[in-house]
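One structure below.
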Amino acid sequence: MKTLVTAIQKGGQGKTFATCHLAFDFHERGYRVAVADMDTQANASYTLAGHESGYTASQLFNGDADSLRAHFTGREDDGLVLIEADPALANIEGSLKLGEAAGKLRANIAALGEFFDVLLIDTPPSLGVIMTAAVLASDYMLSPLEMEAYSLHGMKKMVAVISNLRKQNPKLRFIGMVPNKVDGRKPRHVANLAEIQQAWPQLVLPLSVGSRDSIAEALGEQMPVWKIKKTAARAATKEVRALAQYVFEKMEIAQ
């Protein structure tokens, strides 16, 4: 099983958008996909509510591998499964130290690997125990980024954090930053995109996702954007499918 964490130290960048659409795309390719929503806002849990497993994200930190195996053994599903966010996640930050949290998460992820091909983790927008443990337990990391000044400032911090976390998790591969909600009609977006491409040419994906209302509509309707039957969704579909294909190839999921 390959594990991808979507993370950045700022809210509203598109972590849930990316996580859910990668899940929909990989599932359509025939892979068994689990999504762990570790953000107490539970937006991914809303969009993927039709795929609830009855297993919660806090159990990945508080439960044990044998209990996880017992839960998923013999369970029937359509190949896309949600490990939903739950109120107990709020207690993780204060109740577990990072080393303990990361250790338990790694053990449970190993057990999940007996049932799924891919695990996608959506994280909270702060570098606390949950996000850090998820990064330390993952194989790959993706960071969506809006083209606003505050977002770019947050990404500068994240680049330094990634460097430090990779020392603790040498297997971690940073797929890159995904320029998201890019509005080509806004000069500051164009300038900011050029800035990050120049500052981190090896860390910025060679594609971007525009500011598309159809994406927000799709998430609210609990479906991928390519199922929105509107002409306006075509451009978004093309961009999101390109993102999924890029990540799919970087993760080397194909067997």
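Any read-out appearing in this document is the output of simple, stated calculations on the displayed coordinates, not a laboratory observation. Keep in mind that what you see is a predicted model, and the values were worked out from it rather than measured. Heads up, the Cβs are rebuilt from the backbone with ideal geometry, glycines too, and the neighbour counts pull from every protein chain shown.
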Inset, instruction - Please work out which option in (1) 14.1; (2) 12.8; (3) 15.2 gives mean projected area of the Cα convex hull in nm² calculated from these coordinates, and answer with its label. - result: (2)
Legend entry - Ala242-Ala110 pseudo-label distance in nm [points 7 Å out on the Cα-to-Cβ vector]: 4.1
Inset, instruction - Once you've got the Cα coordinates, tell me which of Lys186/Lys230; Lys156/Lys230; Lys186/Lys229; Lys171/Lys227; Lys97/Lys238 are over 32 Å apart. - result: Lys156/Lys230; Lys171/Lys227; Lys97/Lys238
Legend entry - 20 Å cut-off, amide nitrogen to a point 7 angstrom out along Gln222 Cα→Cβ, residues in the stretch 35-60: 35-57
Legend entry - Amide proton proximity set for Leu145, modelled H, under 5 Å, gap of 5+: Val178, Asn180
Inset, instruction - Please turn the phi angles of the stretch 169-182 into ³J(HN,Hα) values with the Karplus equation 6.51 cos²θ - 1.76 cosθ + 1.60 (θ = phi - 60°), one per residue in order, whole Hz, x for glycine and proline. - result: 10, x, 7, 5, 10, 8, 5, x, 8, 10, x, 10, 6, 7
Inset, instruction - Could you check the simple spin-label distance between Val159 and Ser95, using points 7 Å along Cα→Cβ, in nm with one decimal? - result: 3.8
Inset, instruction - Using packing as a proxy for protection, rank 126-138, 64-76 so that the peptide with the highest average count of other Cβ atoms within 10 Å comes first. - result: 126-138, 64-76
Inset, instruction - Please check which bits of the stretch 128-168 a label hung off Gln197 would reach, taking the label as a point 7 Å along Cα-to-C-beta and the cut-off as backbone N under 13 Å. - result: none
Inset, instruction - Using label points projected 7 Å from each Cα along Cα→Cβ, tell me how many nm separate Arg188 and Glu252, to one decimal. - result: 4.1
